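Read through the structure below, which is laid out as structure tokens, and then see the notes.
The values are calculated or read from the model by the stated rules, or taken from the named source; none is laboratory data. These numbers come from a predicted model, not from an experiment. Every residue, glycine among them, receives a Cβ derived from its backbone with ideal geometry; neighbour counts consider all protein chains shown. Heads up: the accessible areas ignore ligands, DNA and RNA and are worked out on the full protein's heavy atoms, side chains in. Shrake-Rupley method; radii C 1.70, N 1.55, O 1.52, S 1.80 Å.
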Amino acid sequence: VQKFSWSGEQGMVNPQRIDGGDWLFLPAAADLTSLWLDLGALEPDVSVSFQGDLGTADAMPLNLTALATPGAYGEYSLTVTLSREAETRSRTVRIMASGNLPAIFLTSEEGAGRAFVDAVKGNAVKGSMVMLDPDGTVRYDDTLSQIKSRGNSTFYYPKKPYQIKLNKKSDLLGNGEKVKTWVLLANYADSTLFRDKLCKDLAADMGLPGTPECRWVDLYFDGEYRGCYLLTEKVQIASTGLDITDLEGMYEDVNPDYGDDVTLAVAYNRFGDPLCYVEGLIDPENMENGYLLEMNHHHGDENSWFQTKRGWAFNVKSPENLTQRAMTYISEYYQEFEDAVYGLDYFGNYSGVNAETGKSYTEYCDLDSLARMYLLYYFSNNQDAYVQSTYFYMEDGILHAGPIWDSDQTFGIGWVENRAPDSELLWSYLVEALVQLPDFQDKVREIYDTSFRQLALDYANGKVPEYGELLSLSEAMNHRVWPVYYRVSGLGTAYPADIRYSEILAQTSQWMTDRIAFMDRIFAAWKPEPETPVTPE
């Protein structure tokens, strides 16, 4: 008995050897009451029988639910016996099936495979993909121009994240939005598997524009189950994403060879800050709007980037390739904003005013989006906030904060320690000054009191158990392949080995509730003391 493979109409799943046993992880579309297993080529005189704790069968399809009782995590134990005359051989396979989630089957092209993609960040192959809805409906069945490994720190975890490019724009999420490039987030560091999606859903409910749509899937790569992933759109300027001026499209219109044979150069703006640009490009007539910026610690690492006076670097995600003139414009604009946020008055207090231009920080960046992004990052205690994966975009002649991205290290997860619900953000770039500005405090309190607080409570008490229930079967399979629940980062401290997923959900919900109570105290301290009425003599 060699294979135990499951062959559906559109996908195949091979067995996996885990702790000395054979396991078969099936998608939600698999029908356990009518199951076909591929045992490989058998000679005509070989008979086959299947035995579980409830009974025996000698022909397929199998009603697995009638043959075996599911175990504590939904696993079925099935013994397959081959007989010929007096000779018999048996092997046992444990079978688990997902529920509620679509399944994605990635198949690499001939001569390449997952091992190559996983070996080095950025390695890519062509291939094909089938996506099945939980009811078996085929949502996508076509070639892929790219299957690529991706991620910053997350790439170095055993469970790899990927980027895929479809042969054509397709509506994989069923929301009417057709997109060509998608990301598969592994969420290896997140024992709940839902922190990133929860933050994206919360951002969308808060009204932050351009929040990427996403959905959980079960991922199979070259016939092997890889776990529960989050299929998400990228942060990108598009009619289906961040719907602002398409400056990159304008560059493509006036530069026929845009993106080909790129030559990079470094220059300095009027503040003496370094910037990287692409030589040989022509600027479109209007280049004031349509920039998408992403913080990247202290070093830019893409074609177009700049660094601020305080040492923070920003990659320009769109347009990817910019002239020196364009990079000078956006880098100097951002520097004026940074200088306004850190502006000081005569007494050394933060004033929010740029001393050189006399302009307030709110004339450089939209206050409402700044406050909303701060609330989301502060509630989730996102350790990457204002360090990396923090975005700004330029539209209507002003910066806006957002969209959000990369929210797995949240709600108590930290790089080197657990993040207590009453802990402050570890990094404080921009925030250290913003939270001392009265108009910023007023805007944060206004949004918190009128909408955010109740929304956060609804997520803590409603969304957490809802997501946990939706993920329960997929999470059980994922945990069998990736058996450690981490409390700190993806390679750090683990929960006790006997902890259950339900306990982690309860702890997460309680952390969120405690965080709201902490925010109540913090924001109450911001409120000015009421004036004491003067009693006439």
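See the values below:
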quantity: Failed criterion for THR69 (all others in (1) assigned to a strand (DSSP E or B); (2) out of contact with any Gly (no Cβ under 7 Å at 6 or more places or on another chain); (3) at pLDDT 90 or above hold); calculated: (1)
quantity: Every residue from the stretch 283-298 that is without any contact (Cβ under 8 Å) to a residue 40 or more places away in the chain and either assigned to a loop (DSSP other than H, G, I, E, B) or open to solvent by less than 30 Å² (accessible area, probe 1.4 Å) (or both); calculated: PRO284, GLU285, ASN286
quantity: Residue count for the stretch 422-450, restricted to those that are open to solvent by less than 30 Å² (accessible area, probe 1.4 Å) and among the small types (Gly, Ala, Ser); calculated: 2
quantity: Residue ranges of strands (runs of 3 or more DSSP E) in the stretch 176-278 with at least 3 members aromatic (Phe, Trp, Tyr); calculated: 214-221
quantity: Selected residue (only one of ASP141, ASP135 is in contact (Cβ under 8 Å) with a residue 40 or more places away in the chain, more than 20 Å from GLU213 (Cβ to Cβ) and out of contact with any strand residue (DSSP E or B) (no Cβ under 8 Å at 6 or more places or on another chain)); calculated: ASP135
quantity: Number of positions in the stretch 350-387 that are farther than 17 Å from ARG310 by Cβ, in contact with a Phe, Trp or Tyr (Cβ under 7 Å, 6 or more places away or on another chain) and without any contact (Cβ under 8 Å) to a residue 60 or more places away in the chain; calculated: 1
quantity: Qualifying residue in the stretch 100-122 (condition: under 23 Å from GLY74 (Cβ atoms) and loosely packed, with under 15 Cβ neighbours inside 10 Å); calculated: yes
quantity: Any hit, the stretch 249-270, residues being over 21 Å from PRO161 (Cβ atoms), out of contact with any Asp or Glu (no Cβ under 9 Å at 6 or more places or on another chain), modelled with pLDDT of 95 or more and aliphatic (A, V, I, L, M); calculated: yes
quantity: Top-ranked residue in the stretch 109-165 [being touching a Phe, Trp or Tyr at 6+ places or on another chain (Cβ under 8 Å) and polar (S, T, N, Q); ranked as farthest from MET12 (Cα to Cα)]; calculated: THR154
quantity: Condition met for TRP23 (open to solvent by less than 60 Å² (accessible area, probe 1.4 Å), in a strand (DSSP E or B) and under 26 Å from ASP141 (Cβ atoms)); calculated: no
quantity: The listed residue being assigned to a helix (DSSP H, G or I), at pLDDT 95 or above, among the charged types (D, E, K, R) and open to solvent by less than 60 Å² (accessible area, probe 1.4 Å), out of GLU475, GLU469; calculated: GLU475
quantity: So VAL278, is it within 29 Å of ARG310 (Cα to Cα), free of Cβ contacts under 8 Å to residues at least 60 places away in the same chain and touching a Ser or Thr at 6+ places or on another chain (Cβ under 9 Å); calculated: yes
quantity: Those residues of the stretch 320-358 which are among the polar types (S, T, N, Q) and more than 33 Å from the chain's Cα centre (by Cα), in sequence order; calculated: ASN349, SER351, ASN354, THR357
quantity: The stretch 479-523, residues that are modelled with pLDDT under 95 and small (Gly, Ala, Ser); calculated: SER489, GLY490, GLY492, ALA494, ALA497
quantity: Residue within the stretch 73-90 that is under 34 Å from the mean Cα position of the chain (by Cα), among the acidic types (Asp, Glu) and either open to solvent by less than 40 Å² (accessible area, probe 1.4 Å) or within 30 Å of LEU230 (Cα to Cα) (or both) present; calculated: yes
quantity: Filtered residues of the stretch 329-359 (kept if surrounded by fewer than 20 Cβ atoms within 10 Å (Cβ to Cβ), out of contact with any helix residue (DSSP H, G or I) (no Cβ under 8 Å at 6 or more places or on another chain) and not acidic (Asp, Glu)); calculated: TYR329, TYR333, LEU344, TYR346, PHE347, GLY348, ASN349, GLY358
quantity: Single residue of GLU417, GLU363 found to be open to solvent by 50 Å² or more (accessible area, probe 1.4 Å), among the charged types (D, E, K, R) and modelled with pLDDT under 95; calculated: GLU417
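Residue by residue, here is whether (1) free of Cβ contacts under 8 Å to residues at least 60 places away in the same chain; (2) part of a strand (DSSP E or B) holds:
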site: THR328; (1), (2): no, no
site: TYR333; (1), (2): no, no
site: ALA340; (1), (2): yes, no
site: GLY348; (1), (2): yes, no
site: SER389; (1), (2): no, yes
site: TRP405; (1), (2): no, no
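Table: residues versus (1) in contact (Cβ under 8 Å) with a residue 60 or more places away in the chain; (2) under 28 Å from ILE413 (Cβ atoms).
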position	(1), (2)
PRO158	yes, yes
ASN167	no, no
GLY174	no, no
LYS180	no, no
VAL183	no, yes
PHE194	yes, yes
ASP201	yes, yes
GLY207	yes, yes
